[in-house]
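The values are calculated or read from the model by the stated rules, or taken from the named source; none is laboratory data. Predicted model, so just to flag it, every value in this text is computed and none were measured. Methodologically, a virtual Cβ is constructed for each residue, glycine included, from the backbone with ideal geometry; neighbour enumeration extends over all protein chains shown.
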Amino acid sequence: MPLNLGQGVSFFFVLSGFILAYVYPRFNSSSEIRRFFWARWARLFPAYLAAFLIGAILTSYVWSPGTLIAHLTMLQGWIPVSAYYFSYNGVAWSVSTEFFFYVVFPLLMLLQPKASGALLFFAAAALLAWLLLVERLGLPDYGSPATADGMKITQNGLIYISPVSRIFEFIFGAVVAGFWRSRAWNWTLRFSTLAELGAILLCFFSIYYTGVASREVAATMGQAAATWLMHSGSFLAFGVLVFVFAVGRGWVSKMLTNPLLVVLGEISFSVYLIHNIFLAFYLKNAADFYWLSDSVGLATFFGVLLVSSYLIWFGVERPGRRILMRSGSVGSQSATASRHVQASGYAAMASVLFLMAFSGFSYWKGFGPIGERSARAMTSDQSADFIGANFSGIFELRGVSFSCREKDLIARLVWKKTGVVSASLSHAVHVIGPEGAILGQADYSQADRVRHMKLGKMWVDNVLVRPAQVPSKATALAVGIVGENGKLMKIDHSKTDWEGHRLVIPFDRCNE
């Protein structure tokens, strides 16, 4: 992509520093600091926990006591190994990193009003020293959480994830807030509008050119500096954007006060927390959505995402925050507020029941009694030629069937677990021609639950092959499984190619 939109996390950190410095310019007592910590926890945890529970059912978590404790206490981003910071709901690492900023924020506010320039200089110097240290350590760039490399310290964990490297952006946002507060900015409507449009363009240019420059930086200054530039290099442009819109005197600012856009802003935290969960669920069950065109599927995805996010915000996040604040004796509750908490509690119950019912049915369909019966029903004579194809003594193919929907091919593969595996593996699915050439691919990752299944258990994988992947010359589906060593497993069956590493299953191609 020409624009690394992942830098939106950096914008979030800068904006967060600005907002907290605006809302909490100083702390006058230890009780105020305690109230601040409790308010931050109440702000984050209800939606955070709701997303965790939804993901537990929809995306097949791999459970571990250490990662579970770190995730539920929002400390996973402080541990620079991917098995921790990408555990469970992977995008929640940024919430963990933000939580670290909250912990040190009172100390920053003690220093910032007196010497904001010195604080920013010190933070920049500390960041530079950190990047030099990481570069000298010679660590690997990244380790997949699904393999043994997920327990290795990496540059990604120390630079992209770690709050030590990201706190500079947060401090910069707080310093921008102090500068904004230093005087009244009486800009004209025309100047403000031009400044707002200019700030937006500056951010787009910065996101693009920091991505381009990171490749040059990697060759001259090292990979550590390039990684930081790729993910955090637009902090200055984001600070300008936040400052200009904080002045808020232009036409763009006025447009953003539209009630619909305000609601989208309110639910944005929930959108962020669950979007990847829903996307993983969709990709895992793509064959069940074959009847949706790409455009309708995209619209449906965003529709479900926004409605679910609204339910979490209205029915979980808001009442959860009020309940926690009330239990923490932070502020007083009026009778009206108490009634509002009660009404929101009913909405919370309805929202959670709906989302959990949907999640539970999805699990039952794929891995419960329905999934088991479906798997056994497909082990019939129609797939007798392939029953028992053994993949390194760990998996057996117990059945296969094909169906066509317009131009789409849906392959249903029945698997049986026959051996122990310690990691979630990948399935390589190739659409091939008469000579075995790959005409298209529909690879997919094995569900995490598979590694925890008992031996002898069966399940069905529905593989959707889209029109572009089913050319008219396609004659067969070739299936392989990538083992823990990164290589295709050896297959004990007569109908294979690639020296016994790919099972070849003929099919009648879909009509053009």
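Some values worked out for this structure:
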item	result
Among (1) at pLDDT 80 or above; (2) in contact with a Lys or Arg (Cβ under 9 Å, 6 or more places away or on another chain) - the single one residue 446 does not satisfy	(2)
Members of region 386-402 that are assigned to a loop (DSSP other than H, G, I, E, B) and in contact with a His (Cβ under 8 Å, 6 or more places away or on another chain)	386, 388
Residue list for region 180-196, restricted to those being outside any loop (DSSP other than H, G, I, E, B) and of a type outside the set (Val, Ile, Thr)	180, 181, 189, 190, 191, 192, 194, 195, 196
Residue under evaluation residue 238, criteria (1) of a type outside the set (Val, Ile, Thr); (2) part of a helix (DSSP H, G or I); (3) at pLDDT below 95, criterion not met	(3)
Matching residues in region 138-153 - criterion: being in contact with a helix residue (DSSP H, G or I) (Cβ under 7 Å, 6 or more places away or on another chain) and either under 18 Å from residue 229 (Cβ atoms) or of a type in the set (D, E, K, R) (or both)	139, 141, 142
Number of positions in region 426-462 that are part of a loop (DSSP other than H, G, I, E, B) and buried (at least 19 other Cβ atoms within 10 Å of the Cβ)	2
Test result for residue 96, modelled with pLDDT of 85 or more, closer than 30 Å to residue 280 by Cβ, in contact with a helix residue (DSSP H, G or I) (Cβ under 9 Å, 6 or more places away or on another chain) and in a loop (DSSP other than H, G, I, E, B)	no
Selection within region 70-96 - touching a Leu at 6+ places or on another chain (Cβ under 9 Å) and among the hydroxyl-bearing types (Ser, Thr, Tyr)	84, 87, 88, 96
Some residue of region 63-72 being outside any helix (DSSP H, G or I), of a type in the set (S, T, N, Q), at pLDDT below 90 and under 28 Å from the mean Cα position of the chain (by Cα)	yes
Any chance residue 65 is surrounded by 14 or more Cβ atoms within 10 Å (Cβ to Cβ) and in the same structural domain as residue 235 (by TED's automatic domain parsing)	no
Selected residue (only one of 199, 219, 177, 225 is free of Cβ contacts under 8 Å to residues at least 40 places away in the same chain and assigned to a helix (DSSP H, G or I))	219
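This table checks each residue for (1) within 25 Å of the chain's Cα centre (by Cα); (2) modelled with pLDDT under 90; (3) assigned to a helix (DSSP H, G or I); (4) not hydrophobic (A, V, I, L, M, F, W, C).
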position	(1), (2), (3), (4)
61	yes, yes, no, yes
105	no, no, yes, no
120	no, yes, yes, no
125	no, no, yes, no
128	no, no, yes, no
133	no, no, yes, no
143	yes, yes, no, yes
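Each row is one residue, and each column tells you yes or no for (1) of a type in the set (A, V, I, L, M); (2) on the phi > 0 side of the Ramachandran plot; (3) surrounded by fewer than 19 Cβ atoms within 10 Å (Cβ to Cβ).
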site: 126; (1), (2), (3): yes, no, yes
site: 129; (1), (2), (3): yes, no, yes
site: 140; (1), (2), (3): no, no, yes
site: 145; (1), (2), (3): no, no, no
site: 153; (1), (2), (3): yes, no, yes
site: 174; (1), (2), (3): yes, no, no
site: 193; (1), (2), (3): no, no, yes
site: 221; (1), (2), (3): yes, no, yes
